[in-house]
1. Tell me, yes or no, whether the range A:122-132 has at least one residue that is open to solvent by 70 Å² or more (accessible area, probe 1.4 Å), among the small types (Gly, Ala, Ser) and farther than 30 Å from residue B:49 by Cβ.
2. So which residues in the range A:63-76 are within 7 Å of chain B (Cβ to nearest Cβ) and touching a residue at least 40 places away in the same chain (Cβ under 8 Å)?
3. Could you check the range B:50-62 and list, in sequence order, the residues that are buried (at least 19 other Cβ atoms within 10 Å of the Cβ) and either of a type in the set (Asp, Glu) or within 10 Å of chain A (Cβ to nearest Cβ) (or both)?
4. Among residues belonging to the range B:7-44 that are among the hydrophobic types (A, V, I, L, M, F, W, C) and more than 11 Å from chain A (Cβ to nearest Cβ), point out the one that is farthest from the chain's Cα centre (by Cα).
5. Condition check: among the small types (Gly, Ala, Ser), touching a Phe, Trp or Tyr at 6+ places or on another chain (Cβ under 9 Å) and in contact (Cβ under 8 Å) with a residue 12 or more places away in the chain. Does residue A:40 satisfy that?
6. Among the numbered criteria (1) open to solvent by 30 Å² or more (accessible area, probe 1.4 Å); (2) at pLDDT 90 or above, which single criterion is violated by residue A:154?
7. Select, from B:90, B:109, B:79, the only residue that is among the small types (Gly, Ala, Ser), more than 8 Å from chain A (Cβ to nearest Cβ) and surrounded by 24 or more Cβ atoms within 10 Å (Cβ to Cβ).
8. Restricting attention to the range B:39-55, which residues are in a strand (DSSP E or B) and not small (Gly, Ala, Ser)?
2 protein chains.
Amino acid sequence: MEDRKVFMKEAITLALSNVKNSHGGPFGAVVVKEGVVIGSGTNQVTASNDPTAHAEIVAIREATTKLGTFDLTGCEIYASCEPCPMCLGAIYWAKITKLYYAATKDDAAKADFDDSYIYKEFALPKNERTMVSLQMMRDDAVKVFEAWNKSDQKVPY
Amino acid sequence: MEDRKVFMKEAITLALSNVKNSHGGPFGAVVVKEGVVIGSGTNQVTASNDPTAHAEIVAIREATTKLGTFDLTGCEIYASCEPCPMCLGAIYWAKITKLYYAATKDDAAKADFDDSYIYKEFALPKNERTMVSLQMMRDDAVKVFEAWNKSDQKVPY
């Protein structure tokens, strides 16, 4: 079996094991660097009371901890399902180079996961979204960026 | 000072302290339930080698740990800067009811943060994005959702 299929099979197997163990949602992911799995994860939302503990985020955190860097440039991620906006954002911030996914966000929606709803909200102007979002005190906050820009101690990322 | 301003001032003060302490990016956030701060966070990306440790995610994780639930319905979040897509997704998954933010994603871009780039990527069709994204083995992954739908042990979220 080609390597890509082996890695995706691992992600899907993790997802299935999570259903069997009742540890969280039916999702799994692995992060691969130069042909070696350096991080793997299953959804742990309900088991850990952490709404951010999606499989991709768990796998990314394991990989960055293992490598001792926040930068996964050159790595691939294999996800049993198309990442939700939170996880897609995490994949970008981790600078992962390539994303492989199996099921789609519409498949997830059929299993009653909110991915499609969140994607729709993202596409709307802020004032048309269900979640209320208001801006305030911008002038005070901009001063923080000014302090950052002037700092000679900062570590860019 | 009205409560909202007190909470936003706390988020902005956290952001500024993070610059001074060189613990991570210039961002802070607090989660509030019924007028009480139940979670607070600063950006810890470089300090913890965790690309997902944005202020909002740190604050949400602290709040859900404290409450012992993954569901922050009825809570508000105050963020020193408009949340990036990852954090906005996390806010939706946590079911936070109201978001207040101060600086904008364009202010963040001027301080060399990638939020605007990621928002632009999200708006593009997958095949036009910089990050390569490929689907494979959907049939195998859909079987995991079928197992989930049939399971009588599942905890929906």
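1. yes
2. A:70 - this is the single residue of the range A:63-76 that is within 7 Å of chain B (Cβ to nearest Cβ) and touching a residue at least 40 places away in the same chain (Cβ under 8 Å).
3. Listed by number, the residues that qualify are B:50, B:51, B:52, B:53, B:54, B:56, B:57, B:58, B:60, B:61.
4. So in the range B:7-44, the residues among the hydrophobic types (A, V, I, L, M, F, W, C) come out as B:7-8, B:11-12, B:14-16, B:19, B:27, B:29-32, B:36-38.
Among the residues that remain, those that are also more than 11 Å from chain A (Cβ to nearest Cβ) are: B:29-32, B:36-38.
Details: B:29: 10, B:30: 11, B:31: 11, B:32: 15, B:36: 20, B:37: 17, B:38: 16 Å.
Within the range B:7-44, the match that is farthest from the chain's Cα centre (by Cα) is B:36.
5. Criteria not met by residue A:40.
6. (2)
7. B:79
8. We begin by selecting, within the range B:39-55, every residue in a strand (DSSP E or B); these are B:39-42.
Listed by number, the list holds a single entry, B:42.
The values are calculated or read from the model by the stated rules, or taken from the named source; none is laboratory data. This is a predicted model, so every value here is computed, not measured. In this analysis, Cβ positions are derived from the backbone assuming ideal geometry, glycine residues included, and neighbour counts consider all displayed protein chains. These accessible areas exclude ligands, DNA and RNA; they are computed on the full protein's heavy atoms, side chains included. Shrake-Rupley method; radii C 1.70, N 1.55, O 1.52, S 1.80 Å.
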